[in-house]
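Trainee: Let me give you the structure first, and then I'll get to my questions.
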Amino acid sequence: GRDARGRCRSCPRSSSRRPSVADVLDTAQRVEPLVEALQRERNSAVLSITGQQTDFQQASSDVDAAIKAVDNEIGDPMTYGSVVADRHREMHAALAKLTQTRPLIARGLAPAPQVIEGYGTTIGTVLSMDRALTSTVSEPSLSSTAAALQDMLGMMEEVRVQQAWVLSGLSKGSLTPEAVDALQGSRARLIAKITEARSTVARHWQQRLGAT
């Protein structure tokens, strides 16, 4: 199919032309679904490790599909410049490492703290790639909107990682000291991020975080 501008949705972007602002924003819009898919897979991984009922394979498939959507939209990362290309390469290196741990997770052989940390690292590389991508937009109004969305994604990640740590204690009915420390650290970071972003994040983004 084609988008509203008549472009082929399933065709990789040509590297022979400089991406437009619309191209950048279209690609950035694919990042949030990837982050959310990784967050769902992380929760599913923790549940799987702790012996809870979950469809880890489906969660993994959803992440793979979201990765393909990002890559298809971005095309050749070098068209956005070397910084975006570097962050894109780092993102894929982290995703590849994550893929290697999936068999261990499925068999319940990966420690929950390492799994949570691994997903957090991977999500961090996705957010870094997104920041590099949107930094190529020079229009102030669009840049501020992109920055606000990135702030929200960062805050929502803190909420989601807290959920993962709580899930890690479900099977035992209590949290380990490591999990408690991680939760307290994440809560402190979240409060700091909310305070920092309060003056720039629109009300509807604040409402969205509150509903998370």
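The values are calculated or read from the model by the stated rules, or taken from the named source; none is laboratory data. Because the structure is predicted, anything quoted here is derived from the model rather than measured. We place every Cβ from the backbone using ideal geometry, glycine too, and count neighbours over all the protein chains shown. Just the protein is used for accessible areas: all its heavy atoms, side chains included, with ligands, DNA and RNA removed. Shrake-Rupley method; radii C 1.70, N 1.55, O 1.52, S 1.80 Å.
Yes or no, residue by residue, for (1) within 18 Å of Ala147 (Cα to Cα); (2) modelled with pLDDT of 75 or more; (3) in contact with a helix residue (DSSP H, G or I) (Cβ under 7 Å, 6 or more places away or on another chain); (4) assigned to a helix (DSSP H, G or I):
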position	(1), (2), (3), (4)
Gly6	no, no, no, no
Pro12	no, no, yes, no
Arg17	no, no, no, no
Ala22	yes, no, no, yes
Ala28	yes, yes, yes, yes
Arg40	no, yes, yes, yes
Asn43	no, yes, yes, yes
Leu47	no, yes, yes, yes
Gln53	no, yes, no, no
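Trainee: Go through the stretch 36-47 and give me each residue that's open to solvent by less than 30 Å² (accessible area, probe 1.4 Å) and closer than 18 Å to Leu104 by Cβ.
Mentor: Just the residues of the stretch 36-47 that are open to solvent by less than 30 Å² (accessible area, probe 1.4 Å), to begin with: 37-39, 41-42, 44-46.
Answer for the stretch 36-47, where residues must be open to solvent by less than 30 Å² (accessible area, probe 1.4 Å) and closer than 18 Å to Leu104 by Cβ: Leu38, Glu41, Arg42, Ser44, Ala45, Val46.
Trainee: Name the residues in the stretch 79-109 that are over 17 Å from Asp130 (Cβ atoms) and more than 20 Å from the chain's Cα centre (by Cα), would you?
Mentor: At the first step, the residues of the stretch 79-109 found to be over 17 Å from Asp130 (Cβ atoms) are 96-109.
The answer is Pro103, Leu104, Ala106, Arg107, Gly108, Leu109.
Trainee: How about the stretch 76-100: which of its residues are open to solvent by 50 Å² or more (accessible area, probe 1.4 Å), of a type in the set (Ser, Thr, Tyr) and over 23 Å from Pro113 (Cα atoms)?
Mentor: Ser82
Trainee: Which is without any contact (Cβ under 8 Å) to a residue 60 or more places away in the chain, over 22 Å from Ser44 (Cβ atoms) and open to solvent by 60 Å² or more (accessible area, probe 1.4 Å), of Gln150, Gln184, Gln114? Let's see the steps before the verdict.
Mentor: Numbers: Gln150 fails: open to solvent by 60 Å² or more (accessible area, probe 1.4 Å); Gln114 fails: over 22 Å from Ser44 (Cβ atoms).
None of the others qualify; the one that does is Gln184.
Trainee: Considering each residue of the stretch 52-75, count those that are closer than 13 Å to Val35 by Cα, crowded, with 17+ Cβ neighbours inside 10 Å and without any contact (Cβ under 8 Å) to a residue 24 or more places away in the chain, and give that number.
Mentor: 1
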